[in-house]
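Everything below concerns the one structure shown next.
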Amino acid sequence: MIHLPKTEIEKVVLVIDDDEGDCCLVEDILSEDGIKVVKAIGGEKGIHILSGREFPLVITDLRMPDIDGMAIIDFIRKRQINSLIVVLTGYASIDSVIDALRCGAYDYIIKPFGTDLLRFTVKRAFDYIALRDEQQRVKFFEMVTQLASTTAHEVFQPLTVIMGEAKGICKDVKDDSIRDMAEQILEESRKIRDVIRKMDNLHNYVIKTYPGGHSIIDIEKGSSIRD
């Protein structure tokens with residue numbers, strides 16, 4: 001049974017806006033929910049901060065005089081920064097919002113925004129991040145189990161040949177020293193075989209999710225279901 005504890009997401013948001021007042025407003029609202037806000041006044045400052053640190057969530061204005069929100073999105077995606085992006089726009093232009101979503105933004109908020117809308121959007125974003133990270137952990141485990149199974153199949157056949165030869169030596173050879181060596185090889189081969197069988201069985205698992213944000217991969221339960 002393998003435990004996959006829930007990774008705690010750092011509740012920190014980078015807010016990029018050329019309007020310092022809007023940055024402070026976002027900070028005041030989110031800080032009440034225990035969320036830390038890092039402010040970047042303008043797109044250039046935002047790029048500078050993103051070059052040295054990754055944030056789980058980035059909230060950026062679309063219209064800025066130096067570097068706009070689309071350039072921020074492009075920078076994040078080209079650098080493969082694993083940040084979720086929410087865009088702010090004071091212009092009720094569906095075209096600009098659609099372009100942002102197509103380029104990789106997760107959601108958008110129209111200015112002026114209310115407290116409840118901002119909180120709801122940010123909470124939904126962090127919930128999505130938690131789900132995404134959980135799915136990635138399971139995906140990585142599946143990759144490891146597939147590698148283990150492939151390795152097991154590659155090793156099992158030559159190991160079987162070695163064990164067969166060692167058994168033949170133990171049966172036919174009269175020299176005690178040679179028989180002792182063959183028996184040691186046979187014993188170690190059995191240990192390796194047991195490990196290989198466990199590796200090959202890793203793909204038989206059941207994932208159980210419990211309240212509190214953790215998952216358990218139960219290999220034994222999966223094996224019993226498939227047997």
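The values are calculated or read from the model by the stated rules, or taken from the named source; none is laboratory data. Bear in mind the structure is a predicted one, so any value in this text is a computation, not a measurement. Quick reminder, even Gly has a Cβ in these numbers, built from the backbone with ideal geometry, and neighbours come from all protein chains shown.
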Surrounded by 13 or more Cβ atoms within 10 Å (Cβ to Cβ), over 24 Å from I41 (Cβ atoms), assigned by TED's automatic domain parsing to the domain that holds C23 and within 19 Å of the chain's Cα centre (by Cα): does that describe Y128? yes
Checked against (1) in the same structural domain as E20 (by TED's automatic domain parsing); (2) surrounded by 14 or more Cβ atoms within 10 Å (Cβ to Cβ); (3) at pLDDT below 90; (4) not hydrophobic (A, V, I, L, M, F, W, C), T145 satisfies every condition except (1)
Notebook entry, point to check: When you look at H153, is it modelled with pLDDT under 75 and in contact with a Lys or Arg (Cβ under 7 Å, 6 or more places away or on another chain), yes or no?
Noted result: no
Screening R193, R132 for residues that are modelled with pLDDT under 85 and within 30 Å of S96 (Cβ to Cβ) leaves only R132
Taking region 18-47 and keeping only residues that are assigned to a loop (DSSP other than H, G, I, E, B) and either among the hydrophobic types (A, V, I, L, M, F, W, C) or on the phi > 0 side of the Ramachandran plot (or both), one is left with G34, I35, G42
Only one of (1) free of Cβ contacts under 8 Å to residues at least 12 places away in the same chain; (2) within 22 Å of D68 (Cβ to Cβ) does not apply to D116, and that is (2)
Within region 40-61, residues in contact with a helix residue (DSSP H, G or I) (Cβ under 6 Å, 6 or more places away or on another chain) and closer than 20 Å to I9 by Cβ come out as P56, L57, T60
Restricted to region 22-38 and to residues being among the aliphatic types (A, V, I, L, M) and surrounded by 17 or more Cβ atoms within 10 Å (Cβ to Cβ), the residue farthest from the chain's Cα centre (by Cα) is L25
Practice problem: Tell me, please, whether a residue that is at pLDDT below 90, under 17 Å from P112 (Cβ atoms), in the same structural domain as L30 (by TED's automatic domain parsing) and surrounded by fewer than 16 Cβ atoms within 10 Å (Cβ to Cβ) can be found in region 77-89. | Solution: no
Just to be sure before I move on: is V13 closer than 16 Å to I109 by Cβ and of a type in the set (A, V, I, L, M, F, W, C) in the structure I sent?
yes
